[in-house]
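Please read the structure below before turning to the comments.
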Amino acid sequence: MKKFTFLSISALFCTTFMFAQPSASNKETIKKVSSKEEAKVDKTFMERYYSIKESYPSMKNLHGTYAASSGSMEKYIEKYYAIKAAYPDMKNGHDNYAASDYSLEEFAKRYYEIKDTYSTLGNYFGDYAGSKKSLPDFISRYFEIKESSPAMSECFGQYAASDYTLPEFTKRYYGLKASKSGMDNCLGDYAGSVNKLSKH
């Protein structure tokens, strides 16, 4: 049987201690990831809108849906290109998928569900597919806003997909419109989102 000397025990202890310590690069990675996560949680609709506008200025159709979502920009863009490659014909649903929590298969199933049942509502296929609403609930809400607020035609789908009552949605819609913030292309995205407009 081997005898353990003080030196061999010390060497064993030091080696174990060295391997148990996380490297500096691991600490940096963890810090970066948690900083990203914290940053996205605190961002308002306006902050998210201008951050994607600055990063992707030519992708105007994405600015509002990203600002209304809660995920990171990296994940949003990754999902956008994934559905664009897999389903190029779903042009009016690419941004909705990127902003949703659904897998590509789940989203596609919901997209084709509304397309097969209500083929004339092509502009709203993506709104439904990305929402948490059942198809009957979505359609009921769609007709509610269509009948009572025909002037808001560009955001029928966002209302139908949202959890707001019509007065709440309308208040948010016209609040952003009156703010003269330059974000008129995403009034419905903001009105239907849970994100605050700004920190003030």
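Bear in mind that the values in this text are calculations on the coordinates, not laboratory data. Just so you know, these numbers come straight off a predicted model, no measurement behind them. Here Cβ is always computed from backbone atoms with ideal geometry, including for glycine, and neighbour counts include all displayed protein chains.
The table for this structure:
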{"item": "Cβ-based exposure ranking for Thr165, Thr65, Thr44, in which fewest neighbours within 10 Å come first", "result": "Thr165, Thr44, Thr65"}
{"item": "Cα-centre dipole for region 35-192 with unit charges at Cβ (Lys and Arg positive, Asp and Glu negative), debye to 20", "result": "280 debye"}
{"item": "Added length on full extension, which subtracts the Cα-Cα distance from 0.36 nm per residue, Ser149 to Ala178", "result": "8.7 nm"}
{"item": "Efficiency of FRET from Cβ geometry, Tyr118 and Val194, R₀ 22 Å, rounded to 0.05", "result": "0.25"}
